[in-house]
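Notes follow once the structure below has been shown.
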Amino acid sequence: MKVAFFSTKAYDKEFMNRVNKQHEHKLTYFDTSLEVSTAILAHDYEAVCIFVNDKANKGTLQKLHQQGIRLIALRCAGFNNVDLKAAEELGIKVVRVPAYSPYAVAEHALAMILTLNRKTHIAYDRVRNGNFSLDRLMGFDMRGKTVGVIGTGKIGQIFASIMHGIGCHVIAFDPYPDQEFEQEGRVKYVPLDEIWKASDILSLHCPLTPDSHYMINEEAIDKMKDKVMLINTSRGGLVDTKAVIKALKYGKIGYLGLDVYEQEENLFFQDLSGHIIQDDDISRLMTFPNVLITSHQAFFTENAMTNIAETTLQNISDFEEGKDLKNEVKIS
Ligand code: NAI
């Protein structure tokens, strides 16, 4: 199939081209992201392949449909950036990569927690500048801390198991609790309010939906423990950034680790060094010593990139051959 890839970087091309030797699709890579104004680039193609910050809203989908596009292949797990209702009405199929490496994301969440706790990011800079003092580097033992996990799907379960493994007490909330997982004894499901009240560390592993948008807001933060650590490796829109900045300023939130950010599409995956950052909220966040931001890199391991390429191209081949689309995303 002729496939137009949007928002591509050198590493996308490298992994896709390597795996495509078995599929022989005709792949064209565009650096630009997909939105209404760039949909025209797909005029000579049969499918488009997009990533987390491409915007497949109704207007974009209508344009793509007019140009003959019948398949949107997401090379990621989340699909909050696709208007599924519009896609269904237009007869455009949507496929995704449901699990490329849940370990990569869970392990990145752990890396953020340990960095924020033991302040290795600060120690790294200090020692390189000849400062060997321990002032303000004190952390805490992880063992015995209560970790609240929001969303116990593929990533949340691995994360919960890792935290249990290092001696934490793990509680979780999920509207669809996995009873078998709970019976294995590493995690206990509790109501959301108890998660807010009891957690020393909170980690988000649920999708962004209208229900979960801004689940971390002023009301929820008020219920949390003082100096709580909040980690978000899921989607930026789960967190009300302004409420979090306020809570950091008065010390309610003691540590913040963000791999995703609600306005990330204007920032992440780009080298903006030398530019004036126009986003005042992320600029403010970057001034706090107890905030660690990574630019949506939790998934970024060799294993995950290989799995993404294999599943994406297999999804496209399945569509081309009229096979059952096992990774199709439908309105639930
Ligand atoms: P999954 O679909 O396996 O699990 C999601 C879980 O969240 C399900 O058990 C679901 O019942 C639960 N859930 C749904 N609404 C909820 C709510 N309001 N409150 C609590 N739980 C809720 O998804 P998976 O693979 O574990 O991924 C989780 C999220 O991680 C994705 O939605 C995506 O946004 C994010 N992600 C981030 C990556 C990164 O590089 N930072 C890479 C891959 C995924």
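The values are calculated or read from the model by the stated rules, or taken from the named source; none is laboratory data. Quantities reported herein were computed from a predicted structural model and do not represent experimental measurements. Here Cβ is always computed from backbone atoms with ideal geometry, including for glycine, and neighbour counts include all displayed protein chains. Note: accessible area is taken over every heavy atom of the protein model, side chains too, but ligands, DNA and RNA are not part of it. Shrake-Rupley method; radii C 1.70, N 1.55, O 1.52, S 1.80 Å.
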Surface share of carbon and sulfur [accessible, 1.4 angstrom probe, percent] for the stretch 102-293:
52
Cut-off under 18 Å on the C-alpha distance; same-chain residues fewer than 8 positions from Lys154 excluded. Which lysines are left, in chain and number order?
Lys188, Lys326
What helix-only [θ] at 222 nm does the chain give? Using -39500 (n - 2.57) per DSSP H run of at least 4, over all residues, to the nearest 500, the answer is -10500 deg cm²/dmol
Accessible solvent surface per residue of the chain, calculated while the other protein chains remain in place, 1.4 angstrom probe, Å²:
49
Can you give the convex hull volume of the alpha carbon atoms of the chain per residue, in Å³?
151
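Highest mean first, what order results for 101-107, 115-121 on Cβ atoms within 10 Å? Please list the in-between numbers first.
On the way: 101-107: 21.3, 115-121: 17.6.
Ranking the peptides 101-107, 115-121 by packing returns 101-107, 115-121.
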Out of Arg136, Arg75, Arg96, any idea which swings most in a Gaussian network model of the chain, alpha carbons joined below 10 Å?
Arg136
Coil-residue GluC sites (Glu not before Pro) of the stretch 130-214, DSSP, other Cβ within 10 Å capped at 14:
Glu184
Computed ³J(HN,Hα) along the stretch 275-289: with the Karplus parameters 6.51/-1.76/1.60, θ = phi - 60°, integer Hz and x for glycine or proline, the list is 9, 8, 6, 8, 8, 5, 5, 5, 4, 5, 4, 5, 7, 7, x
Loop-located GluC sites (Glu not before Pro) in the stretch 267-332, at most 13 other Cβ atoms within 10 Å (DSSP)
Glu321
Ratio for the stretch 102-293, C-alpha Rg to 2.2 N^0.38 Å, reads 1.03
